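K.L.:
Supplied in structure tokens, the structure appears directly below.
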Amino acid sequence: MVLKKSLNRYFFLVSLLLVLSANYSLYYTSFGIQLIPNDTNMIVAGSMIDLALISPLLFLAWKGRVTWKNFIFGIAGGLVFVRFFIPMEYLAPLESVTWIGFAVESGLIFLEIAILVSLFIQLPKIVQYVRKSSLPVLFSFSTAVNQKVKSITIIQIICSEMLMFYYAFASWRKKPPKGNNWFTLHQKSSYLSMQFMLIHAVILETAALHWWLHEKYFILSIILLVINLYSVIFFSADIQAVRHNPVHVTNDRLYLSLGLTKRMDIKWTDIDEVIVDPNRLRQNVLKIQSNSWRVILKRPFQTLF
């Protein structure tokens with residue numbers, strides 16, 4: 001079953017590449033240009049269908065995100081792509097159609113800007129909610145954002161960056177929470193040591209590469225310097241996020257996090273059983289692994305043959 005799904009995904013990807021390469025060959029190779037008739041309207045219309053309708057659908061099918069919303073935005077993006085892909089000498093009679101894509105994309109950008117403005121308007125209330133909440137900041141901040149502002153990708157990215165800069169620069173004077181309901185995961189482990197080692201490695205790499213590239217490739221050295229500085233900030237924030245967000249146990253759920261990248265909250269009602277016997281736990285792990293091999297290996301071959 002897993003192999004069949006993988007093959008289907010690669011089928012959509014290969015089909016997408018074939019559609020793009022066929023249209024590229026038509027307009028940008030000598031053989032393809034010879035095939036274009038004097039009346040190019042039908043050829044261009046077919047390419048517009050390929051690039052603005054078929055290609056977005058294949059891309060979404062490959063990513064497994066086929067929804068009406070994504071499909072409409074995909075068509076709009078495809079029309080914008082058509083504007084730059086097809087040479088203007090062929091696209092000129094149908095150029096006005098591509099402006100629909102620009103209009104939709106402009107509306108989307110305007111909507112995202114409006115949501116960003118609403119985020120900064122609601123930011124004082126979000127900060128106030130986080131200060132009053134008894135939950136770890138990683139969880140209380142995301143909860144407050146979801147309550148006050150519509151959750152979209154750009155909002156999630158900005159909020160993640162805000163959390164990173166908060167832990168990197170504004171959390172060093174604060175003490176980690178302690179109590180009967182808080183349990184650390186990093187103590188007596190090498191996690192923080194590994195993070196400090198990565199910071200030292202990045203700093204040494206930054207100094208060496210920047211000194212070597214500065215005279216030869218100035219722009220590249222600046223780009224690598226910015227990326228490495230961002231990496232140092234991220235690792236520093238991740239260390240603080242681990243220290244300030246231990247496991248938190250409440251009456252209804254468990255809050256579990258490890259740095260900025262891994263977190264979850266689990267309701268006690270969703271837990272069927274807690275296994276503490278090592279032998280039984282080992283047997284269950286072996287059972288799960290054996291079942292996984294059946295799913296991955298046996299079922300696909302039964303389907304294919």
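K.L.:
Are there any pairs with C-beta distances below 9 angstrom linking a residue in the stretch 41-58 that is under 17 Å from Y28 (Cα atoms) and among the aliphatic types (A, V, I, L, M) to a residue that is open to solvent by 40 Å² or more (accessible area, probe 1.4 Å) and outside any helix (DSSP H, G or I), with the two at least 6 apart or on different chains, and if so which?
P.N.:
What qualifies is I43/P37.
K.L.:
Could you list, in sequence order, the residues of the stretch 215-251 that are of a type in the set (A, V, I, L, M), free of Cβ contacts under 8 Å to residues at least 40 places away in the same chain and buried (at least 16 other Cβ atoms within 10 Å of the Cβ)?
P.N.:
First, the residues of the stretch 215-251 that are of a type in the set (A, V, I, L, M): 219-220, 222-227, 229, 232-233, 237, 239, 241-242, 247, 249.
Filter again for free of Cβ contacts under 8 Å to residues at least 40 places away in the same chain, leaving 219-220, 222-227, 229, 232.
Selection gives L224, L225, V232.
K.L.:
Going by what's in this entry, would S189 be described as out of contact with any Ser or Thr (no Cβ under 6 Å at 6 or more places or on another chain), farther than 14 Å from I233 by Cα, in a helix (DSSP H, G or I) and of a type in the set (G, A, S)? Lay out the reasoning, then the answer.
P.N.:
Details: out of contact with any Ser or Thr (no Cβ under 6 Å at 6 or more places or on another chain): yes; farther than 14 Å from I233 by Cα: yes; in a helix (DSSP H, G or I): no; of a type in the set (G, A, S): yes.
So S189 does not fit the description; no.
K.L.:
More than 24 Å from F12 (Cβ to Cβ) and either hydrophobic (A, V, I, L, M, F, W, C) or open to solvent by less than 60 Å² (accessible area, probe 1.4 Å) (or both) - does that describe any residue in the stretch 44-57? Steps first, please.
P.N.:
Step one: filter the stretch 44-57 for residues more than 24 Å from F12 (Cβ to Cβ), giving 44.
If we keep only those that are either hydrophobic (A, V, I, L, M, F, W, C) or open to solvent by less than 60 Å² (accessible area, probe 1.4 Å) (or both) as well, we get 44.
Yes: one or more hits.
K.L.:
Name the residues in the stretch 116-146 that are in contact (Cβ under 8 Å) with a residue 12 or more places away in the chain and open to solvent by 90 Å² or more (accessible area, probe 1.4 Å), would you?
P.N.:
K125
K.L.:
Continuing with this model, one more query. Filter the stretch 176-207 for residues that are open to solvent by 60 Å² or more (accessible area, probe 1.4 Å), of a type in the set (A, V, I, L, M, F, W, C) and out of contact with any helix residue (DSSP H, G or I) (no Cβ under 9 Å at 6 or more places or on another chain) and give the result.
P.N.:
Correct list: F183, M194, M197, L204, A207.
K.L.:
Return a yes/no flag: does the stretch 67-77 have any residue that is open to solvent by 30 Å² or more (accessible area, probe 1.4 Å), outside any helix (DSSP H, G or I) and closer than 30 Å to I155 by Cβ.
P.N.:
Checked against the condition, which is being open to solvent by 30 Å² or more (accessible area, probe 1.4 Å), outside any helix (DSSP H, G or I) and closer than 30 Å to I155 by Cβ, the stretch 67-77 yields at least one hit.
K.L.:
Please go through the stretch 233-273 and give me each residue that is in a helix (DSSP H, G or I), closer than 19 Å to H200 by Cβ and of a type outside the set (A, V, I, L, M), ordered by number.
P.N.:
Within the stretch 233-273, F234, F235, S236, D238, Q240, R243 qualify.
K.L.:
Condition first: open to solvent by 80 Å² or more (accessible area, probe 1.4 Å) and more than 18 Å from W182 (Cα to Cα). Can you find one or more residues in the stretch 253-268 that meet it?
P.N.:
From the stretch 253-268, those open to solvent by 80 Å² or more (accessible area, probe 1.4 Å) are 261-264, 267-268; that's our starting set.
From what is left, the residues that are more than 18 Å from W182 (Cα to Cα) are 261.
Scanning the stretch 253-268 turns up at least one residue that is open to solvent by 80 Å² or more (accessible area, probe 1.4 Å) and more than 18 Å from W182 (Cα to Cα).
K.L.:
So, in the stretch 75-115, of the ones that are free of Cβ contacts under 8 Å to residues at least 24 places away in the same chain and acidic (D, E), which residue ends up farthest from S151 (Cα to Cα)?
P.N.:
Checked the stretch 75-115; the qualifying residue farthest from S151 (Cα to Cα) is E89.
K.L.:
Separate question: Considering only the stretch 93-111, I want to know if a residue exists there that is under 25 Å from the mean Cα position of the chain (by Cα), surrounded by 15 or more Cβ atoms within 10 Å (Cβ to Cβ) and either hydrophobic (A, V, I, L, M, F, W, C) or under 26 Å from T29 (Cβ atoms) (or both). Before you say what the answer is, go through the steps one by one.
P.N.:
Here is the first cut: in the stretch 93-111, the ones under 25 Å from the mean Cα position of the chain (by Cα) are 101-102, 104-111.
With the extra rule that they be surrounded by 15 or more Cβ atoms within 10 Å (Cβ to Cβ), the set shrinks to 101, 104-105.
Going one step further and asking which of them are either hydrophobic (A, V, I, L, M, F, W, C) or under 26 Å from T29 (Cβ atoms) (or both), we end up with 101, 104.
Yes: the stretch 93-111 contains one or more residues that are under 25 Å from the mean Cα position of the chain (by Cα), surrounded by 15 or more Cβ atoms within 10 Å (Cβ to Cβ) and either hydrophobic (A, V, I, L, M, F, W, C) or under 26 Å from T29 (Cβ atoms) (or both).
K.L.:
Please find, among Y217, Y255, Y230, the residue that is out of contact with any helix residue (DSSP H, G or I) (no Cβ under 6 Å at 6 or more places or on another chain) and at pLDDT 85 or above.
P.N.:
Numbers: Y217 fails: at pLDDT 85 or above; Y255 fails: out of contact with any helix residue (DSSP H, G or I) (no Cβ under 6 Å at 6 or more places or on another chain).
Just one listed residue meets the conditions, Y230.
The values are calculated or read from the model by the stated rules, or taken from the named source; none is laboratory data. Here the structure is a predicted model, which means the values were calculated and not measured. Note that we place each Cβ from the backbone using ideal geometry, even for glycine, and neighbour counts take in every protein chain shown. These area figures cover heavy atoms from the full protein model, side chains too; ligands, DNA and RNA do not enter into them. Shrake-Rupley method; radii C 1.70, N 1.55, O 1.52, S 1.80 Å.
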